[in-house]
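Some notes on the structure that comes next.
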Amino acid sequence: MRKDQIASFVTDILNADATLFAVDDDSYFFGDLVVADDKATEVWAKANHICERYGPRDHLRREIAAHLKYLGKVTNLDGESDVLCRKSLSATSMAD
């Protein structure tokens with residue numbers, strides 16, 4: 001995977017109903033699925049296909065984690081997942 005493919009990779013994974021979360025500044029992980037059990041195999045197959053299509057990405061761990069944080073997809077170190085609301089750029093004022 002190339003750096004310019006990170007946003008597309010994350011979008012493709014999330015659109016496949018898989019989950020990704022940043023951990024700290026240099027890691028990320030695939031979280032538990034939020035789909036019916038009978039769809040889990042299909043979702044993981046899609047996610048695996050996406051990972052294979054983009055290729056090796058270990059060298060981009062920090063950048064992927066940063067993109068996930070930007071999207072508000074982060075987890076606490078205690079294992080509790082949080083999806084944080086991110087301000088829309090159009091909703092921020094110049095005074096911020």
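Only the coordinates and a few stated rules stand behind these numbers; no lab work does. For clarity, every value in this text was computed on a predicted model and none was experimentally measured. Using ideal geometry, Cβ is built from the backbone for each residue, glycine included, and neighbour counts are taken over all protein chains shown.
Couplings for the range 58-65, taken from phi via the Karplus curve 6.51 cos²θ - 1.76 cosθ + 1.60 with θ = phi - 60°, read 4, 5, 10, 3, 4, 5, 5, 4 Hz in order; Gly and Pro are left as x. Using the Kirkwood radius over C-alpha pairs as Rh, can you work out the diffusion coefficient of the range 1-68 via Stokes-Einstein at 10 °C, viscosity 1.306 mPa s, in µm² per second? Reported coefficient: 130 µm²/s. Listing Asp58, Asp12 from fewest to most neighbouring C-beta atoms within 10 Å gives Asp58, Asp12.
Starting with the highest mean, order 19-30, 38-49 by the number of other Cβ atoms within 10 Å, averaged over the residues of each peptide.
19-30, 38-49
Taking Lys and Arg as +1 and Asp and Glu as -1, the other residues whose beta-carbon sits under 15 Å from that of Leu33 total -2.
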